[in-house]
Amino acid sequence: MELIGLANYAVYMAIFIGIYAILALGLNIQWGFTGLFNAGIAGFFAVGAYVSAILTSADVANRIGGFDLPIVVGWIGAMVAAGLIAWPIGKICLRFRSDYLAIATIGIAEIIRLVVKSEGWMTGGARGVNNVPRPFGDLEYFQSQLAYMLMVFLILGIVYFLVERQIHAPWGRMMRAIRDNEAAAAAMGKNIERRRLEAFIFGAAIMGLGGALFAHFNRSITPEAVDPMVATFLIWIMLILGGSGNNRGAILGVAVVWIIWSMSEMITDQLPQEYAIKAKYMRVFIIGLMLQLVLRFRPEGILPEPQYTDETNKEKVQRGSPASDAPTT
Amino acid sequence: MTLLELINFYLIPGVVLGSIYALGAVGITLVFGILRFAHLAHGDLATFGAFAALALVAVGGVNVWVALPLAMAICGAAAIGIDKYFYDYLKERPKILTVMASLGIALMLRAIVQVVWGVDTETYTRGIVRPETYWGIRIRDRELYTVIAMLGIVAVLWFFLKNTKWGKAMRAMSDNPDLALLSGVDNRKVTMLTWMIVGMLCAAAGFFLGLNTELKALMGWTMLLPMFAAAILGGVGRVEGAVIGGLIIGIVEEMSVLFIPTEYKAALAFAILLIILLVRPTGLLKGKVL
């Protein structure tokens, strides 16, 4: 009995780590590889969650819906919607320094929260969208959890593979060039605004997918689930601690921060009521402090971004085609 | 609706709210102009200042108007401390990292307020204040004081920046930091002075928001977007621009209830921000664009 409880908990944690890892990979495209400051992750997450939930759930009175579409269509819809919201914001703000994007993304997250709360005909208001279908939801509890975990990991693997591929392609090299020296990249004829916009939309779409996975896992989505600051900030600390610019680092950071975060919740829940509320805010304080400490003492994170120097390129060339680099006699 | 009703129910609340935004926006424009980054902890610093004043009133038992300068001093000192321990070591690195650090500070300040003062809404004074009527225009004393105090604080700041040695040094840093350094302006001292002024302005903004509405832990965070919109609308680095921008945003927000649902009042600042970035990123008074 004890053991099965523990296993349940581990699987539950793993599902959340998988979902957060997808969000962190989305942020890594924006911040890690492109240097764009998105302070509204919760907004894109919410859009993805709500769009997928509305598209796939059954008909309910007083709310649009009843589309009953396949779940995969919901996921695609979530990604498209999150990307579509990112587009105008990026279009307007990416001409300037990233500070403006930070302000605008805080704004868009706030607006999305307002829309979600007040447009009951679309989002169900405070009650949210319920009875969202869940893949493998018909199985017995533990099998269902396990299957969902494997599915999240599979999606995470696909996202990871695609992002890695994209980053090692000329596109990724160009993004790093723009991030590290904008003037030089512009002088080489790169269209900086356009490339940044691509990265911003790409990252936002992945965040939307993360939101959709969350909604289907919980079988519902309510406004409380998309607390703007804490959700956004957790993803940030995960990425910075793990190592921005390094996808494996991002996933590692998610695991470390999420385990600390939920363990500390278990501890504070043991406290008497009056202290428990204060302890909840202390945890937020400590997360904020943790960011300051990482920025100060280990800005590159646990797993730093690999340095793509001439040496690694040469090795690749040698391994790929020994003849080209062979000494001439 | 008569003109008098329009003034009483929409214009006056708009000007009062705008004055509060203006106080915050002046601080944002100073940080943006002189230290060159978007200070995302600005709203939560204002919350902190407002609650510091509350502690003086509720626990210390001092008069509200004595609490204001004291809270401004506390908040100014807190801002210098935050800069010293959390922002200063990032100054050689890309500025966006300081923006990120300030987001962390925002969270930390809010957590402090929530732990120390709890999450209930509070007020400085109990009881309902009835508005006085002057020739048909209804206005509360505190509303009058808010506008007068804003104008007074900005006038003092304006005089300081125009006429004193340190004020000129601050403007020099804003115009051209390299040239200012070459001319022997002490970067560190100017930074500390800026933070002190910014902290004081934050406390004043938070105090007047608390005086006119109520104090809650999220009060500053919800002000952040209008304050930034005001600073950018007026032109980054322009103090008088921030005041004009603040007043415009405040009045537009209050007037907007006539045309759009009340829930979306907060969305207006965001819309203005995007429009100004689209058509005139330097703002009304030709400020900087970073």
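The values are calculated or read from the model by the stated rules, or taken from the named source; none is laboratory data. As the structure is a computational prediction, the values presented were derived from the model and not from experiment. Because the Cβ atoms are built from the backbone with ideal geometry, glycine has one as well, and the counts that use them run over all protein chains shown.
If you go through the stretch B:232-249 one residue at a time, do you hit one that is without any contact (Cβ under 8 Å) to a residue 60 or more places away in the chain, small (Gly, Ala, Ser), crowded, with 17+ Cβ neighbours inside 10 Å and within 23 Å of A:ILE111 (Cα to Cα)?
no
I'd like to know if the stretch B:86-108 contains one or more residues that are away from every other protein chain (no Cβ under 14 Å) and in contact (Cβ under 8 Å) with a residue 24 or more places away in the chain.
Step one: of the stretch B:86-108, the residues away from every other protein chain (no Cβ under 14 Å) are none.
No; the residues of the stretch B:86-108 include none that is away from every other protein chain (no Cβ under 14 Å) and in contact (Cβ under 8 Å) with a residue 24 or more places away in the chain.
Would you pick out the residues in the stretch B:236-264 that are under 19 Å from the mean Cα position of the chain (by Cα) and within 11 Å of chain A (Cβ to nearest Cβ)? Working first, answer last.
From the stretch B:236-264, those under 19 Å from the mean Cα position of the chain (by Cα) are B:236-254; that's our starting set.
Answer for the stretch B:236-264, where residues must be under 19 Å from the mean Cα position of the chain (by Cα) and within 11 Å of chain A (Cβ to nearest Cβ): just B:VAL236.
Can you name the residue in the stretch B:272-283 that is more than 9 Å from chain A (Cβ to nearest Cβ) and either buried (at least 16 other Cβ atoms within 10 Å of the Cβ) or more than 17 Å from A:ILE89 (Cβ to Cβ) (or both) and, of all such residues, is modelled with the lowest pLDDT?
B:GLY283
Restricting to the stretch A:61-79, count the residues that are surrounded by fewer than 15 Cβ atoms within 10 Å (Cβ to Cβ) and either assigned to a helix (DSSP H, G or I) or of a type in the set (Val, Ile, Thr) (or both).
Here the count works out to 3.
Among (1) modelled with pLDDT under 90; (2) in a helix (DSSP H, G or I), where does A:ALA58 come up short?
Tallying (1) modelled with pLDDT under 90; (2) in a helix (DSSP H, G or I), A:ALA58 fails exactly one: (2).
Considering every residue within the stretch B:138-146, establish whether at least one is surrounded by 12 or more Cβ atoms within 10 Å (Cβ to Cβ), free of Cβ contacts under 8 Å to residues at least 60 places away in the same chain and not in a helix (DSSP H, G or I).
Yes; the residues of the stretch B:138-146 include at least one that is surrounded by 12 or more Cβ atoms within 10 Å (Cβ to Cβ), free of Cβ contacts under 8 Å to residues at least 60 places away in the same chain and not in a helix (DSSP H, G or I).
Can you name every residue in the stretch A:264-311 that is aromatic (Phe, Trp, Tyr) and either facing chain B (nearest Cβ under 8 Å) or not in a helix (DSSP H, G or I) (or both)? If you could, list the steps in order and put the result at the bottom.
Narrowing the stretch A:264-311 to residues aromatic (Phe, Trp, Tyr): A:275, A:281, A:285, A:297, A:308.
Listed by number, the residues that qualify are A:TYR281, A:PHE285, A:TYR308.
Inside the stretch B:156-208, can you point out the residues that are free of Cβ contacts under 8 Å to residues at least 12 places away in the same chain and among the hydroxyl-bearing types (Ser, Thr, Tyr)?
B:THR164, B:SER183
Being among the small types (Gly, Ala, Ser), closer than 19 Å to A:LEU23 by Cβ and away from chain B (no Cβ under 14 Å) narrows it down to one of A:GLY245, A:GLY210, so name that one.
A:GLY210 is the lone residue from the list that is among the small types (Gly, Ala, Ser), closer than 19 Å to A:LEU23 by Cβ and away from chain B (no Cβ under 14 Å).
Pull up the stretch B:250-290, narrow it to residues that are touching a residue at least 40 places away in the same chain (Cβ under 8 Å) and among the small types (Gly, Ala, Ser), then point me to the one that is nearest to B:ILE7 (Cα to Cα).
Filtering the stretch B:250-290 for residues that are touching a residue at least 40 places away in the same chain (Cβ under 8 Å) and among the small types (Gly, Ala, Ser), the one nearest to B:ILE7 (Cα to Cα) comes out as B:GLY250.
Conditions (1) more than 17 Å from the chain's Cα centre (by Cα); (2) closer than 26 Å to B:ALA52 by Cβ; (3) of a type in the set (Phe, Trp, Tyr); (4) away from every other protein chain (no Cβ under 14 Å), marked per residue:
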residue: B:GLU132; (1), (2), (3), (4): yes, no, no, yes
residue: B:TRP166; (1), (2), (3), (4): yes, yes, yes, yes
residue: B:ALA172; (1), (2), (3), (4): yes, no, no, yes
residue: B:LYS189; (1), (2), (3), (4): yes, yes, no, yes
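Residues A:ILE4, A:ILE17, A:ILE41: which one is more than 14 Å from every other protein chain (Cβ to nearest Cβ) and either touching a Ser or Thr at 6+ places or on another chain (Cβ under 6 Å) or within 27 Å of A:THR105 (Cα to Cα) (or both)? Break it down stepwise before answering.
Values: A:ILE4 fails: either touching a Ser or Thr at 6+ places or on another chain (Cβ under 6 Å) or within 27 Å of A:THR105 (Cα to Cα) (or both); A:ILE41 fails: more than 14 Å from every other protein chain (Cβ to nearest Cβ).
A:ILE17 is the lone residue from the list that is more than 14 Å from every other protein chain (Cβ to nearest Cβ) and either touching a Ser or Thr at 6+ places or on another chain (Cβ under 6 Å) or within 27 Å of A:THR105 (Cα to Cα) (or both).
(1) more than 30 Å from A:GLU305 (Cα to Cα); (2) over 21 Å from the mean Cα position of the chain (by Cα); (3) aliphatic (A, V, I, L, M): which one isn't true of A:ILE71, the others all being true?
(2)
Among the listed residues B:PHE9, B:PHE48, which satisfies the condition of being of a type outside the set (Asp, Glu) and under 16 Å from B:ILE80 (Cα atoms)?
Details: B:PHE9 fails: under 16 Å from B:ILE80 (Cα atoms).
Within the list B:PHE9, B:PHE48, the selection yields B:PHE48.
Could you list, ordered by first residue, the pairs with Cβ atoms under 7 Å in which the first is in the stretch A:261-280 and in contact (Cβ under 8 Å) with a residue 24 or more places away in the chain and the second is surrounded by 12 or more Cβ atoms within 10 Å (Cβ to Cβ), at least 6 apart or interchain?
A:TRP261/A:LEU234; A:SER262/A:MET13
Of all residues in the stretch B:109-135, which are of a type outside the set (Asp, Glu) and without any contact (Cβ under 8 Å) to a residue 24 or more places away in the chain?
Quick first cut of the stretch B:109-135, residues of a type outside the set (Asp, Glu) only: B:109-119, B:121, B:123-131, B:133-135.
Across the stretch B:109-135, the qualifying residues are B:ALA111, B:VAL115, B:GLY118, B:ARG126, B:GLY127, B:ILE128, B:VAL129, B:ARG130, B:PRO131, B:THR133, B:TYR134, B:TRP135.
Got a sec? Which of B:GLY118, B:GLY61, B:GLY76 is away from every other protein chain (no Cβ under 14 Å) and modelled with pLDDT under 90? Outline the logic, then answer.
Working: B:GLY118 fails: away from every other protein chain (no Cβ under 14 Å); B:GLY76 fails: modelled with pLDDT under 90.
B:GLY61 is the lone residue from the list that is away from every other protein chain (no Cβ under 14 Å) and modelled with pLDDT under 90.
Is there any pair linking a residue in the stretch A:101-121 that is facing chain B (nearest Cβ under 7 Å) to one that is among the charged types (D, E, K, R) and assigned to a helix (DSSP H, G or I), with Cβ under 8 Å and at least six apart or on different chains, and which?
The qualifying pairs are A:LEU114/B:GLU263; A:SER118/B:GLU263.
B:VAL185 passes all but one of (1) within 21 Å of the chain's Cα centre (by Cα); (2) more than 14 Å from every other protein chain (Cβ to nearest Cβ); (3) not charged (D, E, K, R); which number fails?
Of everything listed in (1) within 21 Å of the chain's Cα centre (by Cα); (2) more than 14 Å from every other protein chain (Cβ to nearest Cβ); (3) not charged (D, E, K, R), B:VAL185 misses just condition (1).
Select from the stretch B:46-78 the residues that are touching a Cys at 6+ places or on another chain (Cβ under 7 Å) and within 13 Å of B:LEU209 (Cα to Cα) and write down the one among them that is surrounded by the most Cβ atoms within 10 Å (Cβ to Cβ).
Within the stretch B:46-78, the subset touching a Cys at 6+ places or on another chain (Cβ under 7 Å) is B:46, B:48-49, B:52, B:75.
With the extra rule that they be within 13 Å of B:LEU209 (Cα to Cα), the set shrinks to B:46, B:48-49.
Details: B:ALA46: 33, B:PHE48: 28, B:GLY49: 31.
Restricting to residues being touching a Cys at 6+ places or on another chain (Cβ under 7 Å) and within 13 Å of B:LEU209 (Cα to Cα), the top hit is B:ALA46.
Exactly one condition in (1) crowded, with 19+ Cβ neighbours inside 10 Å; (2) out of contact with any helix residue (DSSP H, G or I) (no Cβ under 8 Å at 6 or more places or on another chain) is false for A:ILE103; which is it?
(2)
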